[in-house]
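K.L.:
Structure provided below as structure tokens; questions to follow.
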Amino acid sequence: MPSNLILLHQGEEVLRGKSIELVEASPKLVLHFQITELAMDAFDVFRQYRTTDEDFKVVLMLSLRVFNALAAATKLMLSGYYLFSAQILRDILETVFLLDFFRTNSAAITTWRNATREERLRDFKPVKVREELDARDGYTTKKRALLYQQFSELAGHASMVSVNMLRPKGLDATNTPFVDPNALEAVSSEMGRLAVQAGEIIVAMARTDDEAFVIKFSDVATTFVDLKTEWMETFYGKAPDAA
């Protein structure tokens with residue numbers, strides 16, 4: 001292994017320690033990482049469901065994608081790669097939207113699974129999925145599109161906004177990772193919000209025909225829902241089902 005890559009990793013581990021110190025000094029940051037962990041727990045148990053249903057295997061595969069993406073986003077964020085952590089969060093957002101679409105339109109899974117590349121890009125491109133979800137929920141404000149645009153501008157496309165993610169504390173852009181409390185707070189808050197949304201959907205999609213699975217999954221689901229309530233009250237001032 002090249003020595004410079006080893007040195008880079010050692011530096012990343014130092015930054016990770018400093019980032020963890022910042023997280024542990026802030027109850028709100030801790031809460032973002034806690035809800036992320038519990039959402040990942042739910043996804044981890046969810047993927048252990050055994051089935052011969054090829055459509056539901058797609059859901060299990062997408063759940064693995066979300067778990068791994070949350071793990072990667074966390075690792076990059078704590079190591080000081082805020083821009084690229086946010087890029088992965090955008091991928092999570094797309095996958096969560098797709099899972100949410102499949103949650104209430106199971107027939108679409110078969111179509112998606114058997115689609116050619118051209119058909120998939122035409123019928124299941126992100127904007128199409130968002131429009132289907134908005135129509136389903138009766139949303140007219142296009143909040144999903146605005147959130148997606150926010151991630152795209154922040155990290156998905158080359159722009160001055162994304163360049164600023166490479167500037168520690170407003171200084172010149174750097175080619176090395178760095179610790180910035182403001183960037184850490186911004187990216188972790190978006191990850192926490194995504195973790196809440198992802199966890200809600202995967203809990204709703206869990207099958208109930210396997211008693212052993214239900215017992216195991218219900219434990220992590222209950223823990224997630226309890227902390228989600230605390231998260232919502234902390235950041236939005238109300239419980240999830242409050243008026």
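The values are calculated or read from the model by the stated rules, or taken from the named source; none is laboratory data. For clarity, every value in this text was computed on a predicted model and none was experimentally measured. Here Cβ is always computed from backbone atoms with ideal geometry, including for glycine, and neighbour counts include all displayed protein chains.
K.L.:
Any idea which residue in segment 89-143 is nearest to PHE56 (Cα to Cα), counting only those that are aliphatic (A, V, I, L, M) and in contact (Cβ under 8 Å) with a residue 40 or more places away in the chain?
P.N.:
ILE109
K.L.:
Is there a residue in segment 64-86 that is at pLDDT below 95, among the small types (Gly, Ala, Ser), assigned to a loop (DSSP other than H, G, I, E, B) and farther than 24 Å from THR234 by Cα?
P.N.:
Scanning segment 64-86, I find at least one residue that is at pLDDT below 95, among the small types (Gly, Ala, Ser), assigned to a loop (DSSP other than H, G, I, E, B) and farther than 24 Å from THR234 by Cα, so the answer is yes.
K.L.:
Which residue out of LEU133, LEU147, LEU154 is among the aliphatic types (A, V, I, L, M), surrounded by 13 or more Cβ atoms within 10 Å (Cβ to Cβ), modelled with pLDDT of 90 or more and under 20 Å from the mean Cα position of the chain (by Cα)?
P.N.:
When all the criteria are applied, what remains is LEU133.
K.L.:
Report, by residue number, each residue of segment 108-130 that is part of a helix (DSSP H, G or I) and of a type in the set (Phe, Trp, Tyr).
P.N.:
Scanning segment 108-130 gives a single hit, TRP112.
K.L.:
Could we say that THR104 is surrounded by fewer than 20 Cβ atoms within 10 Å (Cβ to Cβ) and under 24 Å from PHE43 (Cα atoms) here?
P.N.:
When the stated conditions are applied, THR104 passes them.
K.L.:
A further question follows. Only one residue in LEU146, LEU99 is under 17 Å from ASP55 (Cβ atoms) and in a helix (DSSP H, G or I), so which one is that?
P.N.:
The unique qualifying residue is LEU99.
K.L.:
So TYR49 passes all but one of these: (1) within 30 Å of ALA115 (Cβ to Cβ); (2) assigned to a helix (DSSP H, G or I); (3) of a type in the set (Phe, Trp, Tyr). Which condition number does it fail?
P.N.:
(2)
K.L.:
Just one of LEU98, LEU121, LEU133 is of a type outside the set (S, T, N, Q) and closer than 19 Å to LEU70 by Cβ; which is it?
P.N.:
Only one candidate qualifies: LEU98.
K.L.:
Output the residues belonging to segment 215-235 that are surrounded by 15 or more Cβ atoms within 10 Å (Cβ to Cβ) and either among the hydrophobic types (A, V, I, L, M, F, W, C) or outside any helix (DSSP H, G or I) (or both).
P.N.:
Matches in segment 215-235: PHE217, VAL220, ALA221, PHE224, VAL225, LEU227, TRP231, MET232, PHE235.
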